Amino acid sequence: MVSNLIKFRNLKNIEYHCKQVLKLIKNNYPNDNSNYSLARIEHSINHILEQIDGSKTITSTINLMDLTRHFVDDTGNYNDPILIELEHVYQKIEKIKKES
């Protein structure tokens, strides 16, 4: 029972950070629909959100290094809050995978 509650809280935490990533993209890059790295990040985050909504579990992760590298190549911004939120998502997913 306790482990299910912890897993639920961890999933809610991941969901929160995923939504933060999407919100930051929308607010900070509102007219940048052609940016490939942003599209990849959005796709990855939406995939994770679909997993959480559909099965209440996560079976895949994000390739943090690849997404970060492409984002920095496209934007030149190493300190963007999007990267911080992406790292939170990655770390939370890895924590759940280790506990499983």
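The values are calculated or read from the model by the stated rules, or taken from the named source; none is laboratory data. As the structure is a prediction and not an experimental result, all values here were calculated from the model. So basically every Cβ, Gly included, is an ideal-geometry build from the backbone, and we count neighbours across all protein chains shown.
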Subject >> Selected residue (criterion: nearest to Ile96 (Cα to Cα)) from residues of the range 36-70 that are in contact (Cβ under 8 Å) with a residue 40 or more places away in the chain and surrounded by fewer than 17 Cβ atoms within 10 Å (Cβ to Cβ) >> reply: Thr57
Subject >> Selection from the range 59-100 of residues that are outside any helix (DSSP H, G or I) and either within 11 Å of Glu15 (Cα to Cα) or in contact with an Asp or Glu (Cβ under 8 Å, 6 or more places away or on another chain) (or both) >> reply: Thr61
Original post:
Can you name the residue in the range 30-49 that is polar (S, T, N, Q) and assigned to a helix (DSSP H, G or I) and, of all such residues, is farthest from His88 (Cα to Cα)?
Top reply: Ser37
Original post:
What are the pairs, 6+ residues apart or on separate chains, where a residue within the range 12-33 that is under 25 Å from Ser55 (Cβ atoms) has its Cβ under 9 Å from a residue that is loosely packed, with under 11 Cβ neighbours inside 10 Å?
Top reply: Glu15/Asp53
Original post:
Identify, please: which residue in the range 64-84 is of a type in the set (Ser, Thr, Tyr) and under 13 Å from Ile41 (Cβ atoms) and is, among those, farthest from the chain's Cα centre (by Cα)?
Top reply: Thr75
Original post:
When residues of the range 33-51 are filtered for being over 18 Å from Glu87 (Cα atoms) and either out of contact with any helix residue (DSSP H, G or I) (no Cβ under 6 Å at 6 or more places or on another chain) or at pLDDT 95 or above (or both), how many remain?
Top reply: 5
Original post:
Here are some conditions: (1) at pLDDT below 95; (2) buried (at least 17 other Cβ atoms within 10 Å of the Cβ); (3) not acidic (Asp, Glu). His17 meets all but one. Which one does it not meet?
Top reply: (1)
**OP:** Out of Glu87, Glu94, Glu50, Glu99, report the one residue that is over 19 Å from Tyr16 (Cα atoms) and out of contact with any Phe, Trp or Tyr (no Cβ under 8 Å at 6 or more places or on another chain).
**Re:** Glu99
Subject >> Meets criteria (surrounded by 13 or more Cβ atoms within 10 Å (Cβ to Cβ), touching a residue at least 40 places away in the same chain (Cβ under 8 Å) and not aliphatic (A, V, I, L, M)) for Lys7 >> reply: yes
Subject >> Residue satisfying condition, being touching a Lys or Arg at 6+ places or on another chain (Cβ under 8 Å) and among the polar types (S, T, N, Q), within set Thr68, Thr61 >> reply: Thr61
